[in-house]
Amino acid sequence: MSAEIEKATERVTKLRAQIDKVSGPLAAAEAQLRAAEDTEKARRAEREIEYSRQFAGTWMGRAEEAANSGDDARQRFFDALSAEPWFAAYVEYRAARHKRGHVMTEAQRAQRTIGEVVTVPEQRYYAAQILASLPGAHYVNHPWSNRAAEFKPAQLSTAQGCGFLVPSTVITDDPDEARTFAAQQSGGVVYKPVWNTPYRVDDQPNSVWVREVRAAEITDAVSVCPHMFQAKVDKAFDVRVTAVGARLFGVRIDSPDLDWRYRQDLMTCTPIEVPASVARAVAAYLAELRLHYGAFDFAVTPAGDWYFLECNPNGQWAWQPAQTTAAIAQALTDQLEKGPDT
């Protein structure tokens, strides 16, 4: 037994000697590793700070460029309009109407203060009637045409009749019908307001963005008023086509959001050619709704199919790339110079 103990003791002694032999280099290696890790961590922190600094500078520059883009084009546009006698008369008329409206608002506030019944002025109604009845005027677009073309059900019906691809859509105030429709769409469903009505939450203005919904999320609150549900398009990118008469200006929009309007600082815009079939459908659409101008929104699939989403007859255009903005301003000026509608 003593021989076995001596043998084990000898083995332990040798192992301890080996441990002592490598412990020094091991400790040095571990220290070297920790130093290397600290150095790399510091280097990454410096790179992150530099990247953030460069990104901030680039973003601010892009934001400033976007904010100022179109200013020259807008100024040329208004300079061209200002040379027209009818436009000068219209500006004078609008200024007078604005002053009257301000006076009426103050009068209404005074009526509320003293407890009188508030008078509801008809100035907006009459202003619209007068503008829509100007003899020999060339409208881009006529107020009545704009009003009719803003109605989304009419947009979808007209678009389908003019040859556009239109996503499957249901407009309903029946919650069960909405849920059934949503469950039947294999690619998902999005919700859109039928009419872009402004509303406020905690006295702050809010917007209803296009968003994806599931059948289980649709509540009985749908029964309060009609809601629009539409099959989600598996899109590669969006396109805005600004139509001024027969001239079309296409811009591809790449955005991380379903609704690119939600965070416009994250989207990129590049000019894009409008396919001939889409151009023909746009012309037919404008003619059907008696429009000279329209801002068309499309979702384009990876296969290259352009799906009509909507057309704003009074849509904004100055947010697009500077070259496109300048071309649209020139096209509007040319359109206005054509003279009275016949």
Tyr262 in the same structural domain as Leu156 (by TED's automatic domain parsing) and at pLDDT 95 or above: no
query: Is it the case that some residue within segment 316-324 is free of Cβ contacts under 8 Å to residues at least 40 places away in the same chain, within 20 Å of Gln160 (Cβ to Cβ) and assigned by TED's automatic domain parsing to the domain that holds Ala243?
result: no
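Somewhere in segment 213-220, is a residue touching a residue at least 40 places away in the same chain (Cβ under 8 Å), assigned by TED's automatic domain parsing to the domain that holds Gln184 and not hydroxyl-bearing (Ser, Thr, Tyr)? Spell out how you get there, then give the answer.
Taking segment 213-220 and keeping what is touching a residue at least 40 places away in the same chain (Cβ under 8 Å), we get 218-220.
Among the residues that remain, those that are also assigned by TED's automatic domain parsing to the domain that holds Gln184 are: 218-220.
Now narrow it down to the ones that are not hydroxyl-bearing (Ser, Thr, Tyr): 218, 220.
Yes - at least one qualifying residue is present in segment 213-220.
When you scan segment 221-315 for strands (runs of 3 or more DSSP E) that lie fully inside it, which ones turn up with 2 or more residues that are of a type in the set (Val, Ile, Thr)? So that I can check it myself, show each step before the final result.
Details: elements: 227-231, 237-244, 247-254, 268-271, 293-300, 306-312.
Per the criteria, 237-244, 247-254, 268-271.
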task: For segment 157-173, name all the residues that are surrounded by 15 or more Cβ atoms within 10 Å (Cβ to Cβ) and either closer than 18 Å to Cys225 by Cβ or free of Cβ contacts under 8 Å to residues at least 40 places away in the same chain (or both).
output: Thr169, Val170, Ile171, Thr172
- line: Conditions (1) assigned to a helix (DSSP H, G or I); (2) at pLDDT below 90; (3) more than 21 Å from the chain's Cα centre (by Cα) -> Leu332 fails only (2)
- prompt: Of all residues in segment 120-156 being part of a loop (DSSP other than H, G, I, E, B) and surrounded by 16 or more Cβ atoms within 10 Å (Cβ to Cβ), which is modelled with the lowest pLDDT?
  reply: His138
query: Being within 18 Å of the chain's Cα centre (by Cα) and acidic (Asp, Glu), is that true of even one residue in segment 296-316?
result: yes
task: Mind listing whichever residues of segment 158-183 are in a helix (DSSP H, G or I), hydrophobic (A, V, I, L, M, F, W, C) and closer than 29 Å to Ala281 by Cβ?
output: Ala159, Ala178, Phe181, Ala182
query: Looking at Val208, is it closer than 30 Å to Val282 by Cβ, at pLDDT below 85 and either crowded, with 16+ Cβ neighbours inside 10 Å or of a type in the set (Val, Ile, Thr) (or both)?
result: yes
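The values are calculated or read from the model by the stated rules, or taken from the named source; none is laboratory data. Worth saying up front: this structure is predicted, and the values here are computed from it rather than measured. Here the Cβ is made from the backbone with ideal geometry for all residues, glycine too, and neighbour counts use every protein chain on show.
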